[in-house]
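Asks: Quick one: the structure is below, and I'll ask about it shortly.
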Amino acid sequence: ELRHDAALVVYELVSNAVWFATIRHARRWMPLVGTASLAAMIYLAWRFQTLDYGAWQGPFARLASVLRATAWFSVGYWIAVANPRTSLHPALCLALLLSVMAASAAGIQPAWLVSVITAGVGSLLLVALRNAPAPGPRTARIARWLGMASFPMYLIHAPAGRLLPLLAGVPAALALALVVGAATLIATVLNEALMKWLHRRPRALPAPEPV
């Protein structure tokens, strides 16, 4: 069933609403909200031995999912506003990230700690990319497409996985191309249309303050 996947999107939307309300009305509390969310997420990862929402059971599963999303919003906001620096080259950070992901795929334990480290190294890669020289036009177009398609891929990857048995005999590369194509369609058609509609309804939002 797709209720699990729909629930993930709902939790993301709730987290967006919580984070937007914090930015708009309680910005001075953002460092506290971000730190508390990260601490809670790491505790839950240890408690359930995974960062996977599907394994977070019990009455606080929904709250845990919102905390997880809010924690990553906190990291993104910190990178954007505090503008941290690193002397590491993005290629080295990418190599580290791929190494940790390979360790995760190989089943290195404890899995929850490997997942947390993966997220941390991924954040370090974002910092390195932010500090790197501006890319050329072609690289910038690729980066923009990756950014636009990343959430649609996240949105449809689980439903696509459930549909894969229907594609028995279809080459893996073709199946992957279908998923990427669907994500690109969502990003370029639906998302672009939504952004144009939102831009026609401008709302004043104060500029972020350094933290």
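The values are calculated or read from the model by the stated rules, or taken from the named source; none is laboratory data. The structure presented is a predicted model; accordingly, all values stated were derived computationally and were not measured. Reconstructed Cβ throughout: ideal geometry from the backbone, glycine too, with neighbour counts over all protein chains shown. Heavy atoms of the whole protein, side chains included, go into the accessibility calculation; ligands, DNA and RNA do not. Shrake-Rupley method; radii C 1.70, N 1.55, O 1.52, S 1.80 Å.
Asks: Which ones in segment 45-69 are under 17 Å from the mean Cα position of the chain (by Cα) and modelled with pLDDT of 80 or more?
Replies: Of all residues in segment 45-69, those under 17 Å from the mean Cα position of the chain (by Cα) come to 45, 50-54, 64-69.
The one that is under 17 Å from the mean Cα position of the chain (by Cα) and modelled with pLDDT of 80 or more: Ala45.
Asks: Also, quick follow-up: State yes or no: is Leu94 of a type in the set (A, V, I, L, M) and either free of Cβ contacts under 8 Å to residues at least 12 places away in the same chain or open to solvent by less than 60 Å² (accessible area, probe 1.4 Å) (or both)?
Replies: On the way: of a type in the set (A, V, I, L, M): yes; either free of Cβ contacts under 8 Å to residues at least 12 places away in the same chain or open to solvent by less than 60 Å² (accessible area, probe 1.4 Å) (or both): no.
The answer is no for Leu94.
Asks: Specify the residue that is farthest from Tyr11 (Cα to Cα); the eligible residues are those in segment 45-54 that are open to solvent by less than 60 Å² (accessible area, probe 1.4 Å) and free of Cβ contacts under 8 Å to residues at least 60 places away in the same chain.
Replies: My answer is Gly54.
Asks: Considering Ile42, Ile108, which residue is exposed (fewer than 15 other Cβ atoms within 10 Å of the Cβ), modelled with pLDDT of 80 or more, of a type in the set (A, V, I, L, M, F, W, C) and farther than 30 Å from Thr139 by Cα? Reasoning before the result, please.
Replies: Working: Ile42 fails: exposed (fewer than 15 other Cβ atoms within 10 Å of the Cβ).
Being exposed (fewer than 15 other Cβ atoms within 10 Å of the Cβ), modelled with pLDDT of 80 or more, of a type in the set (A, V, I, L, M, F, W, C) and farther than 30 Å from Thr139 by Cα holds for just one of Ile42, Ile108, which is Ile108.
Asks: Give all pairs with beta carbons closer than 8 Å in which a residue from segment 7-35 that is over 16 Å from Val75 (Cα atoms) meets a residue that is open to solvent by 80 Å² or more (accessible area, probe 1.4 Å) and not basic (Lys, Arg); count only pairs at least 6 apart in sequence or on separate chains.
Replies: Matching pairs, first to second residue: Arg24/Leu205.
Asks: Within segment 120-139, which residues are in contact (Cβ under 8 Å) with a residue 12 or more places away in the chain and outside any helix (DSSP H, G or I)? Steps first, answer last, please.
Replies: Let us first name the residues in segment 120-139 that are in contact (Cβ under 8 Å) with a residue 12 or more places away in the chain, namely 121-132.
Ala132, the sole residue that qualifies.
Asks: State all residues of segment 121-139 that are open to solvent by less than 40 Å² (accessible area, probe 1.4 Å) and either farther than 20 Å from Trp78 by Cα or not hydrophobic (A, V, I, L, M, F, W, C) (or both); if no residue qualifies, say none. Working first, answer last.
Replies: Keep residues of segment 121-139 that are open to solvent by less than 40 Å² (accessible area, probe 1.4 Å), which gives 121-123, 125, 127-128, 132, 136.
Matches in segment 121-139: Gly122, Ser123, Gly136.
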